[in-house]
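Data first, discussion second: the structure below is written as structure tokens.
All of the numbers you see were taken from the coordinates with simple rules; none came from a lab. Note that the structure is predicted; figures quoted are calculated from it, not measured. Here the Cβ positions follow ideal geometry from the backbone for every residue, glycine too, while neighbour counts run over all protein chains shown.
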Amino acid sequence: MSRLIICLFGPQGSGKGTQAKILSQKLNLPHISTGELFRLAMENKTALGKQVEETINGGQLVSDEITFGLLKERVANLDCSEGFVLDGYPRTIKQAELLNQCATVSKVIFIEISDEEAVKRLSSRRHCPQCGAIYNLYTAPKPAEDELCDRCKIKLAQRADDAEESVRERLRRYHAETEPLIDYYQDKIVKINGEQTIERVADDIAKSVGMLQLNQMLEQ
Ligand code: AP5
């Protein structure tokens, strides 16, 4: 059977990371986020981390070659042999073409939200520096106590690229360079309304992935 490769696509703040975590648990497949891989490299101060830090904090895209190199290495791991959930890759047509060299995307889930909603969510996004849990001060999930992680009870932090100027630059790049992928993947894309509760978005995604799995089984 071919690998199940689900790509979560959408503007910054649409909930790709939130939904990728839920979906990868449901499917028992690894969640692969190029943004997370870059942040890990920055935290560990590796050569790659130092190379990309300024680009990422300024809201720019890392080069296609560097990003694909990182992704290719990750998806060659044994845990990806049955498939994986991609979050934040590809973001350019070039990246999609490079991906075709090592994987065939099964379905692209496009989570749609407005720019206004994206800016609102990202300016209020926080994370726990210890366990990595993601919160939102105004939308969901909210921390039980003001700016403290529910589990670790330590102060929540804000990503450097969630500063308003960086968010606007990231959205500008999204519209210019990532949106053309909607046409590129026209036969594989399914649109989901991202301006619903996290649970409703997750249900809509599960339904469309369930249909895909059923079709794959019928084709065998
Ligand atoms: P990355 O980490 O992928 O950031 P991003 O694409 O900017 O996406 P975000 O993490 O901002 O948003 P999200 O859609 O995952 O939303 P989330 O679930 O967190 O990439 C960071 C950087 O790395 C890039 O800018 C670039 O520099 C570089 N990079 C990464 N991949 C690259 C690539 N392929 N090529 C080149 N460069 C690359 O949710 C956001 C907030 O909203 C959270 O607080 C959450 O709690 C809340 N929320 C989620 N869902 C809902 C909902 N339904 N209702 C209300 N609130 C919600």
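Treating the beta-carbon of each Lys and Arg as +1 and of each Asp and Glu as -1, no other charges, what is the dipole magnitude of the chain about its Cα centre, to the nearest 20 debye?
Rounded to the nearest 20 debye, it is 420 debye.
Suppose the chain between Lys26 and Ala140 were pulled fully straight at 0.36 nm per residue; how much longer would it get relative to their current alpha carbon spacing?
Stretched out fully, the Lys26 to Ala140 stretch lengthens by 39.0 nm.
Treating cross-link reach as a plain straight distance, find the lysines whose alpha-carbon is under 19 Å from the alpha-carbon of Lys142, omitting any fewer than eight places away in the same chain.
In chain and number order, the partners are Lys16, Lys21, Lys120, Lys153, Lys155.
Once a ≥ b ≥ c are taken as the square roots of the eigenvalues of the Cα gyration tensor of the range 128-220, is the result rounded (a/c under 1.5), prolate (a/b larger than b/c) or oblate (a/b not larger than b/c)?
Oblate, since a/c reaches 1.5 and b/c is not below a/b.
What shape does the range 1-137 have by the C-alpha gyration tensor, where a ≥ b ≥ c are the square roots of the eigenvalues, rounded means a/c under 1.5, and otherwise prolate means a/b greater than b/c and oblate the rest?
Verdict is rounded for the range 1-137.
Kyte-Doolittle mean at least -0.5 and Cα extent at least 15 Å along the axis: which DSSP H helices of the chain qualify?
47-57, 64-75, 198-219
Please get the size of the charge dipole for the range 65-128, origin at its Cα centre, with Cβ charges of +1 on Lys and Arg and -1 on Asp and Glu, quoted in debye to the nearest 20.
That gives a dipole near 180 debye.
In the range 103-139, whose amide N lies under 14 Å from the spot 7 Å out along Cα-to-Cβ of Gln196? List them in ranges.
Answer for the range 103-139: 110-113.
Applying a 10 Å radius around every beta-carbon, put 47-54, 187-194, 4-11, 20-27 in order of their mean neighbour count, most first.
4-11, 20-27, 187-194, 47-54
Among Pro11, Cys131, Leu212, which residue has its Cα furthest toward the positive end of the charge dipole of the chain, with +1 on Lys/Arg Cβ and -1 on Asp/Glu Cβ?
With unit charges placed on the Cβ atoms, the residue in question is Cys131.
Compute the Cα gyration tensor for the range 5-70, then decide on rounded, prolate or oblate, letting a ≥ b ≥ c be the square roots of its eigenvalues: rounded whenever a/c is under 1.5, prolate when a/b is larger than b/c in the other cases, and oblate in all that remain.
prolate
Distance from the Cα centre of the range 77-136 to that of the range 141-213, in angstrom?
With the range 77-136 and the range 141-213 each reduced to a Cα centre, they are spaced 8 Å.
What distance in nm separates the simple spin-label points at Gln186 and Glu169, each placed 7 Å from Cα in the Cβ direction?
Between Gln186 and Glu169, the simple spin-label model gives 3.4 nm.
In straight Cα distance, which aspartates and glutamates are under 12 Å from Lys26, not counting same-chain residues fewer than 8 positions off?
Leaving aside aspartates and glutamates fewer than 8 places away in the same chain, those within reach of Lys26 are Asp203.
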